[in-house]
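Read through the structure below, which is laid out as structure tokens, and then see the notes.
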């Protein structure tokens, strides 16, 4: 059986070490040999990214250089905004056929908004949701289960909870990195060195 296509999406504005640590933790728990990072275009409920698509893509390329776990898909950057997860999954399903599994990694904090996703019921038909949860997992699990039960039914939600991935609590965010850059503070150890060098050279987020 072919390995699943594993999608780990995000704005990556900029990509930071928290993204990469979480993604690798998920890969290790699920036995993934390859993960596809999907930089998103402007979502339907978000404004434009602070950095351009080209800059966000380049930073992602620099961040994963030499790491065989990751590859990048530009599928969302190549479509007109707004960007819907359903459209991405449908396009991937059409290209890979019906026999290969698609795993979609989403953060546990995104579950509350899932009822508002465009064609959410079709999203879970096209892909298996892999929920990434950070500590305290034992406190989050009942709330997550309740949300999933209500939206997708108990049978489907039990499978999602059983496969929930526990990711480290890394308190780094893209918004905090942008704030620190804007105030002239250091971002050392928050992003890969090559990404920081690129940000400095391009004058991003200053």
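The values are calculated or read from the model by the stated rules, or taken from the named source; none is laboratory data. Keep in mind the model is a prediction, meaning the values are calculated, not measured. A quick note on method: Cβ atoms are made from the backbone with ideal geometry, for glycine too, and the neighbour counts reach across all protein chains shown.
Regarding segment 94-107, can at least one residue be identified that is in a helix (DSSP H, G or I), free of Cβ contacts under 8 Å to residues at least 60 places away in the same chain and surrounded by 13 or more Cβ atoms within 10 Å (Cβ to Cβ)? No, the conditions are met nowhere in segment 94-107. Here residue 57 meets each of (1) farther than 23 Å from residue 26 by Cα; (2) in contact with a strand residue (DSSP E or B) (Cβ under 8 Å, 6 or more places away or on another chain); (3) free of Cβ contacts under 8 Å to residues at least 24 places away in the same chain with one exception, condition (1). Restricting the search to segment 185-196, which residues are without any contact (Cβ under 8 Å) to a residue 40 or more places away in the chain and closer than 14 Å to residue 15 by Cα? Across segment 185-196, the qualifying residues are 187, 188, 193, 196.
The numbered conditions (1) more than 25 Å from residue 205 (Cβ to Cβ); (2) assigned to a loop (DSSP other than H, G, I, E, B); (3) touching a helix residue (DSSP H, G or I) at 6+ places or on another chain (Cβ under 8 Å) are all true for residue 50 except (1).
Number of residues in segment 62-86 that are out of contact with any helix residue (DSSP H, G or I) (no Cβ under 9 Å at 6 or more places or on another chain) and either modelled with pLDDT of 95 or more or surrounded by fewer than 16 Cβ atoms within 10 Å (Cβ to Cβ) (or both) equals 6.
Residues are listed down the side, and each one gets a yes or a no for (1) more than 20 Å from residue 166 (Cβ to Cβ); (2) outside any helix (DSSP H, G or I):
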{"site": "18", "(1), (2)": "no, no"}
{"site": "27", "(1), (2)": "no, no"}
{"site": "56", "(1), (2)": "yes, no"}
{"site": "82", "(1), (2)": "yes, yes"}
{"site": "113", "(1), (2)": "yes, no"}
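Being in contact (Cβ under 8 Å) with a residue 40 or more places away in the chain, buried (at least 17 other Cβ atoms within 10 Å of the Cβ) and under 16 Å from the mean Cα position of the chain (by Cα) is not true of residue 49.
Screening segment 89-108 for residues that are under 12 Å from the mean Cα position of the chain (by Cα) and farther than 14 Å from residue 36 by Cα and picking the one that is modelled with the lowest pLDDT gives 108. The residues of segment 172-184 that are without any contact (Cβ under 8 Å) to a residue 40 or more places away in the chain and touching a helix residue (DSSP H, G or I) at 6+ places or on another chain (Cβ under 8 Å) amount to a single one, 181.
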